[in-house]
Amino acid sequence: MDFSSAMLPRVLFLLLLLVFCSSGAEVVTVDVHAAKDFIKSGCKYLDVRTVEEYKKGHVGADKIFNIPYMFITPEGRVKNPQFLEEVSSACNKEDHLIVGCQSGVRSLYATSDLLTAGFKDVSNMGGGYLAWVESGYPVKKPEAENVSLLPKPEAEL
């Protein structure tokens, strides 16, 4: 059997799965309905998407912060080397955190890393922001909010 470049994504996925499963951290994944209830009760929401993704829209929560788990570079996605340090400076290891991304994959890895680093009460939001939006839950779109602050053209006044 010849190894082709088409097999590379599968091999990388299996390697990541092996690393994830051997990390020792047992990740709890909650659906968006449970996540919404946790957020409503005061839990912090950690959005691990890129800043660009976050600015396009994010979960409507009072206690939300954006710390990217990965960056997009010319070489592809690269893990944020300061991720754990940045999260540690934003919250305590005892805080209840709900971790979300676009579809639930990055947040799964981020949650595992946080648990391995000693965070006590961290849950992954299954389905991510896409599932949140699909469920019709509140979202905030900062770019749209900024646009509304611009003066209206004279024709609209």
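Measuring spread by the Cα atoms of segment 71-115 yields a radius of gyration and Dmax of 11.6, 36 Å.
Which entries in K55/K93; K56/K120; K63/K93 show an alpha-carbon gap greater than 21 Å? With Cα atoms farther than 21 Å apart: K55/K93; K56/K120. For segment 27-144, the extents of the C-alpha atoms along the principal axes are 34, 33, 21 Å, listed from largest to smallest. Sorting D62, D95, D121, D37 by solvent-accessible area of protein heavy atoms yields D62, D37, D121, D95, largest first, with a 1.4 Å probe. Going by accessible surface with a 1.4 Å probe and the largest first, H33, H58 read H33, H58.
Rounded to two decimals, the Cα-based Rg/Rh of segment 22-80, with Kirkwood Rh, is 1.04.
The values are calculated or read from the model by the stated rules, or taken from the named source; none is laboratory data. No experiment lies behind these values; they were computed from the predicted model shown. When the accessible area is computed, the model is the full protein with side chains, heavy atoms only, and any ligands, DNA or RNA have been set aside. Shrake-Rupley method; radii C 1.70, N 1.55, O 1.52, S 1.80 Å.
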